[in-house]
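First comes the structure, then the notes that go with it.
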Amino acid sequence: MKEKILEIKKSAEEEIKNVSSLEELNNFRVKYAGKSGLLTEVMRGMRDVPKEERPALGALVNEVRTFVEGEIESLEKKLSLEKLNEKLKGEKIDITEPSKNSERGIFHPIQRTFNKLLDACVAMGFEVVTGPEVELDKYNFELLNVPKDHPARDMQDTFYVTDDIVLRTQTSSVQVRTMENRKPPIKIVSPGKTYRSDSDATHSPVFHQLEGLVVDKDISLLDLKNILTDLLQILFGKETKIRFRPSYFPFTEPSVEVDISCPNCKGEGCYLCKKTGWMELLGAGIVNPKVLENCNIDPKIYSGFAFGFGVDRLTMVMDKIPHMRMLFENDMRFLKQVK
Ligand code: PHE
């Protein structure tokens, strides 16, 4: 019996040297350590061995089994690793190959306009400040010199949340919030969403503005004109002509509307500018001294100017978009065309 066991060990030692694949290793496992393998068979034969010899022989079989299983385990690791390496060698991945159907994200046209405007403004030394879209009436109107029953309220069809809370109709609310908290010099722009109960080809109930405010000593209409001319020429090119027309806003005095020569037809007249050669882009003016006073800034020492861009209108002009609705439908066929 003992010889038989030692014989099994010896042949296992010999045989394992020739095992060179996982399949062969499995056969080896079945042959020696399997349920009806050689070692199990020997254990069964133990019945015929005299009782006193059994413990020693049992121990010997276990020793051989431990040896065989140890060999199998280490060889299995080695062969699996070899197999993996072999597989990897054949499988070169070309990371430079373009993937199928990859969609690249792009900014929405309105965001692109904002980015252009903000880049230009930041380069000119403006700081970017934002404020809430659900706004106190006080910041949207009252402190901007539009008291509750003022007729100028009719200029902006407002969504009221309560008597004292509105969806902001203009980013001018951020002017007041900023002036309330800081002392001049102030030079800010404030981008964001605004809301009015208004809807047609060039108006949407939600739209976007960028407001600018400069407050310092000796600020005049000339500064406003120079800064806006620079900004508009950065955006639309040096050859762009700029026109200032008198206008009215309760929070600026005097007030102007600013037009540029139509970038599409260079002032000749086309469908985008309704054949006028000009596009109306923003409202602006010298900050009304009453507004400065409302924010505890002394109008005898300081003056300022403000301007407000309609960013959707600007986008329609820059990207030649005929209907404002297209900016909000998020139709990918349209968005992909606008570059
Ligand atoms: N807030 C004004 C509007 O929405 C635009 C504006 C801003 C005009 C700043 C003058 C100064 O119509």
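The values are calculated or read from the model by the stated rules, or taken from the named source; none is laboratory data. Source: prediction; values computed, not measured. Cβ sites come from the backbone with ideal geometry, for glycine too, and all protein chains shown count toward neighbours. Keep in mind that these areas ignore ligands, DNA and RNA; they rest on the heavy atoms of the full protein, side chains included. Shrake-Rupley method; radii C 1.70, N 1.55, O 1.52, S 1.80 Å.
Key figures for this structure:
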read-out	value
Distant-in-sequence amide H partners of Trp278 (H built 1.01 Å from N, under 5 Å)	Cys262
Percent breakdown of C-alpha pair distances by 10 Å bin, ordered from the shortest bin, for the range 240-335	15, 34, 26, 17, 7, 0
Spatially proximal lysines relative to Lys148 (Cα-Cα < 17 Å; intrachain offsets below 8 disregarded)	Lys138, Lys290
Subset of Lys2/Lys77; Lys17/Lys83; Lys187/Lys275 violating a 27 Å alpha-carbon distance limit	Lys2/Lys77; Lys187/Lys275
Cα long-axis angle, helix 22-33 against the chain (0 to 90 degrees, to the nearest 10)	40 degrees
Prolate/oblate/rounded label for the range 1-132 (Cα gyration tensor, a/c 1.5)	prolate
Entries in Lys10/Lys87; Lys4/Lys31; Lys193/Lys225 that, when Cα-Cα distance is taken, lie over 22 Å	Lys10/Lys87; Lys193/Lys225
Along principal axes, Cα extents of the range 167-302, largest first, whole Å	47, 34, 23
Peptides 94-100, 278-284, 216-222, 169-175 ordered by average Cβ neighbours within 10 Å, highest first	169-175, 278-284, 216-222, 94-100
Those residues of the range 242-263 whose amide nitrogen sits under 12 Å from the label point placed on His150, 7 Å along Cα→Cβ	249-253
Sites Leu335 and Lys87 - FRET efficiency at Förster radius 41 Å, r taken between beta-carbons, to 0.05	0.40
Value of Rg/Rh across the chain [Cα atoms, Kirkwood radius]	1.54
Percent accessible area from carbon and sulfur atoms, the chain, protein chains only, probe 1.4 Å	53 percent
Under 16 Å from Lys183, Cα to Cα: aspartates and glutamates that are on another chain or at least 8 residues apart	Glu127, Asp216, Asp218, Glu293, Asp298
Dimensions (Å) - the range 66-224, Cα atoms, principal axes, largest first	97, 39, 38
Cα-derived Rg over Rh, computed across the range 69-148 with Rh taken as Kirkwood radius	1.53
The range 2-90: relative contact order as a whole-number percent, Cα under 8 Å and 6+ apart	35 percent
Relative contact order (percent, whole number), the chain, Cα cutoff 8 Å, 6+ residue spacing	14 percent
Principal-axis tilt of helix 109-123 within the chain, Cα atoms, nearest 10 degrees	70 degrees
Over the chain: helical MRE at 222 nm, DSSP H runs n ≥ 4 each giving -39500 (n - 2.57), nearest 500	-13000 deg cm²/dmol
Å² per residue, accessible surface of the range 209-339 at 1.4 Å	50 Å²
Whole-number percent relative contact order across the range 45-188, with pairs defined as alpha carbons under 8 Å at least 6 apart	20 percent
For the chain, Cys with no neighbouring Cys Cβ under 4.7 Å	Cys121, Cys295
